[in-house]
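Working notes, beginning with the structure itself.
The values are calculated or read from the model by the stated rules, or taken from the named source; none is laboratory data. Every value quoted in this text rests on a predicted model; they were computed, and no experiment measured them. Cβ coordinates were reconstructed from backbone atoms using ideal geometry, including for glycine residues, and neighbour counts include every protein chain displayed.
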Amino acid sequence: MTVDCVVEDMRWGDIDALARMATDATLTRLGLEPSVFEISILACDDARIAALNADFRGKQKATNVLSWPSDERAAAVDGEMPLAPQPGQDDELGDIAIAYDTCAREAAVAGKSLQDHTIHLLVHGTLHLLGFDHERDRDATLMEGLETEILGKLGISDPYSE
């Protein structure tokens with residue numbers, strides 16, 4: 001996996017290692033060879049992600065994570081698996097932005113470590129790049145189940161059980 005991290009907010013520290021762990025685990029779970037694919041990650045603050053959220057989603061507020069898939073892969077039927085990227089054709093999966101302030105605040109409120117919450121959000125963002133979504137009920141169930149399973153294999157508790 002080629003993960004290109006651009007760190008705008010130095011509070012993120014070594015987010016590269018967390019990003020590789022999260023993206024590799026996600027791709028591996030879905031039967032995809034991580035070394036074939038590329039993802040770009042912007043590790044920023046709330047001000048930057050709020051501007052991105054306004055520009056791309058028309059929402060005038062900060063959020064924890066945003067993702068921009070390189071291709072439309074979503075399943076046509078609610079709850080079905082999205083189209084898998086094809087190695088050699090769809091190697092660039094897309095971009096993820098993650099905001100330090102919101103992630104740190106959410107982790108503190110939930111009583112979780114920032115590291116575990118960051119990994120969760122990077123798994124979540126990677127699933128979005130792969131066509132998973134949570135807009136429809138069965139899609140949300142599928143995506144949350146995969147997140148829980150992937151995180152469990154990384155020793156992180158189910159983020160949806162609390």
Practice task
Tell me, yes or no, whether segment 69-85 has at least one residue that is surrounded by fewer than 20 Cβ atoms within 10 Å (Cβ to Cβ), at pLDDT below 95, in contact with a helix residue (DSSP H, G or I) (Cβ under 6 Å, 6 or more places away or on another chain) and not acidic (Asp, Glu).
Solution key: no
Fill in the blank from the handout: Reported set for segment 1-11 where residues are touching a Lys or Arg at 6+ places or on another chain (Cβ under 7 Å) and closer than 24 Å to Lys153 by Cβ is Met1, Val3
Practice task
Out of the residues in segment 110-142 that are in a helix (DSSP H, G or I) and of a type in the set (Asp, Glu), state the one that is surrounded by the most Cβ atoms within 10 Å (Cβ to Cβ).
Solution key: Asp139
Exercise for the section: State all residues of segment 2-11 that are more than 12 Å from Leu122 (Cβ to Cβ) and either free of Cβ contacts under 8 Å to residues at least 40 places away in the same chain or in a helix (DSSP H, G or I) (or both); if no residue qualifies, say none. Expected result: Thr2, Asp4, Val6, Val7, Met10, Arg11
Exercise for the section: Only residues in segment 107-118 that are of a type in the set (Val, Ile, Thr) count as the first member; pair them with residues that are crowded, with 17+ Cβ neighbours inside 10 Å, Cβ under 6 angstrom, at least 6 apart or cross-chain, and list the lot. Expected result: Thr118/Leu18; Thr118/Cys103
Problem - Restricting segment 12-44 to residues that are touching a residue at least 40 places away in the same chain (Cβ under 8 Å), within 12 Å of the chain's Cα centre (by Cα) and within 18 Å of Leu154 (Cα to Cα), the residue that is surrounded by the most Cβ atoms within 10 Å (Cβ to Cβ) - result: Ala22
